[in-house]
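First up is the structure itself, then whatever we jot down about it.
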Amino acid sequence: MRFRDFAVLAAVFVIITGILAGCAKQSDTILIGEYNAFQGPIADFGKTTHNGIALAIEEINNAGGLLGKKVELKSEDDRGDMSEARTAVEKLITRDRVVAVLGEVASSNTLAAAPVAQTNKVPMITPSSTNPKVTSAGEYIFRVCFTDDFQGAVVATFAAGHLEAKRAAIFRDVRSDYSKGLADAFKKTFAKKGGAVVIDSTYSQGDPEFKSQLTSIKSTNPDLVFIPGYYTEVSLIAAQARQLGIRAPLIGGDGWDSPSLLPSAGGALEGCYFSNHFTPLQENPAVVRFVQAYERKYNTSPNALAALGYDAAWILAEAIKKAGSTDGDAIRQAVAETRDYPGVTGQISIDSNRNASKPAVVVQIKGDKFVPVASITPEDVK
Ligand code: PHE
């Protein structure tokens with residue numbers, strides 16, 4: 001053999017052993033993917049969700065891992081952008097070969113990325129995307145939270161019942177599937193409960209200035225203003241609404257839940273309400289244990305996103321255990337069979353549309369606390 005041929009053969013040998021070693025290394029762990037926003041205007045969503053997921057993975061590994069292997073989490077930052085969300089999931093699936101994907105929080109981002117998971121037959125569980133269309137992407141796409149058909153009905157039921165509101169203003173974000181879905185669901189139930197929507201006004205995510213729409217809203221003299229948006233705009237809208245003299249309560253959905261909401265609103269949201277998935281103030285022993293473990297690890301209390309991330313990761317782990325395999329179809333089937341899982345965000349059963357049906361809590365903002373004032377079940381809004 002000439003030296004050149006020998007060198008080529010040796011190089012091929014090195015490459016093949018490298019690939020084999022890579023495979024062997026990969027199969028020592030079970031790789032789960034996560035895509036979320038860790039930068040940008042909804043970064044709080046990604047960061048807190050990640051904390052909940054990471055705590056669950058730590059507990060799963062401390063309890064011996066899955067199928068005799070350690071679980072590893074591979075996280076991709078999509079900056080809260082729809083096309084980056086899609087690319088992130090493509091990378092996780094084709095480059096990293098993850099066995100399943102957790103994420104996103106914002107419905108528009110999950111809607112953009114879900115078809116990638118569906119086409120590649122990789123199960124995806126969104127902890128917190130509530131837009132009804134999300135799980136219609138196919139049989140590989142699941143959620144562990146309620147949908148906005150329910151959440152919108154919860155807010156409307158609370159507004160008409162508890163707050164005795166008759167005239168509601170809506171201020172929705174036209175760039176968010178979440179916001180539009182929630183606004184429409186609210187409208188439907190509020191009318192059923194005898195209320196009237198006196199104005200349905202719009203803004204766009206990223207806008208800094210809302211005074212012209214708020215002036216029109218003020219002129220309708222509503223009993224409350226429903227703002228189904230995300231915390232970044234909501235805190236600006238609240239501050240500008242109070243500056244213009246709107247004194248009616250502002251009311252929202254889960255998108256308000258962020259540690260940044262109150263610091264940026266400067267008192268403008270005092271006494272206001274929003275619906276949510278979870279509060280750390282519940283006395284259920286599983287919740288108490290979770291809150292303690294979370295506070296020990298992160299020195300702060302978990303919010304709904306952390307709790308949903310935690311439940312999503314544990315439900316996926318239980319499904320992999322039950323499937324006894326990391327095969328996409330086997331995991332998908334096991335997730336679909338989840339019944340009465342005792343989550344920290346409530347009992348979780350996955351229904352035939354791959355959604356979870358659970359009660360919602362309505363909280364009131366008092367000082368720096370979100371105080372639970374009502375728990376509303378799917379039965380209550382019928
Ligand atoms: N439900 C929101 C959406 O679908 C996301 C969200 C969930 C935000 C929970 C905060 C808390 O876009």
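With an 8 Å cut-off on Cα pairs and a minimum separation of 6 or more residues, tell me the relative contact order of the stretch 256-382 in percent.
Once normalised by length, the contact order is 27 percent.
Quick one: length gained pulling Lys211 to Glu337 fully straight, 0.36 nm per residue minus the C-alpha distance?
Value of the extension gain: 40.5 nm.
Sort Arg247, Arg167 so that the residue with the fewest other Cβ atoms within 10 Å of its own Cβ comes first and the one with the most comes last.
Ranking Arg247, Arg167 by Cβ neighbours within 10 Å, fewest first, gives Arg247, Arg167.
Where a Cα-Cα gap under 25 Å defines reach, which lysines qualify for Lys70, not counting those fewer than 8 residues away within the same chain?
By straight Cα distance, Lys70 reaches Lys25, Lys47, Lys91, Lys121, Lys297, Lys321, Lys322.
For a quick check: sort Trp256, Trp314 by the number of other beta carbons within 10 angstrom, fewest at the front.
The fewest-first ordering by Cβ neighbours comes to Trp314, Trp256.
How high is the FRET efficiency from Asp28 to Ala239, r the C-beta distance, R0 45 Å, rounded to 0.05?
Using R0 = 45 Å, I get an efficiency of 0.30.
Arranged by the count of other C-beta atoms within 10 angstrom, fewest first, what order do Arg289, Arg242 take?
The fewest-first ordering by Cβ neighbours comes to Arg289, Arg242.
Can you list residues whose amide H is under 5 Å from Ser75's amide H, if they're 5+ apart or on another chain and H is modeled 1.01 Å from N?
Counting only residues 5 or more places away or on other chains, the set is Glu34.
Estimate the FRET efficiency between Asp351 and Lys192 by the formula 1/(1 + (r/R0)^6), using the beta-carbon distance for r and 22 Å for R0, to the nearest 0.05.
With R0 = 22 Å, the Cβ-Cβ based efficiency is 0.45.
Which semi-axis lengths, in whole Å and largest first, follow from the square roots of five times the eigenvalues of the Cα gyration tensor of the stretch 25-161?
In descending order, the three semi-axes are 27, 17, 15 Å.
Please report, in whole Å, how far the alpha carbons of the chain spread along each principal axis, starting with the longest.
91, 44, 38
With N set to the residue count of the stretch 97-224, report its C-alpha Rg divided by 2.2 N^0.38 Å to two decimal places.
For the stretch 97-224, the normalised Cα radius of gyration comes out at 1.24.
I want to verify the translational diffusion coefficient of the stretch 234-309 in µm²/s; compute it with Stokes-Einstein, Rh as the Kirkwood radius over Cα pairs, at 4 °C and 1.567 mPa s.
93
Would you kindly give the portion of the calculated P(r) for the stretch 327-382 that falls above 16 Å, as a percent of all Cα pairs?
Tail of P(r) above 16 Å: 59 percent of Cα pairs.
Along the stretch 56-68, what does the Karplus equation 6.51 cos²θ - 1.76 cosθ + 1.60 (θ = phi - 60°) give for ³J(HN,Hα), rounded to whole Hz, x for Gly and Pro?
Once rounded to whole Hz, the list reads 4, 5, 4, 5, 4, 5, 5, 8, x, x, 10, 6, x.
Taking a quarter of the surface of the Cα convex hull of the stretch 217-343, what do you get in nm²?
10.6
Work out, step by step, the length gained on full extension between Lys69 and Ser325: first 0.36 nm times the residue separation, then minus their alpha carbon distance; give nm to one decimal.
91.0 nm
No lab work stands behind these numbers, since they all come straight from the coordinates. In this text the structure is predicted, and so the values were computed from the model without any measurement. Glycine gets a Cβ as well: all are built from the backbone with ideal geometry, and neighbour counts include every protein chain shown.
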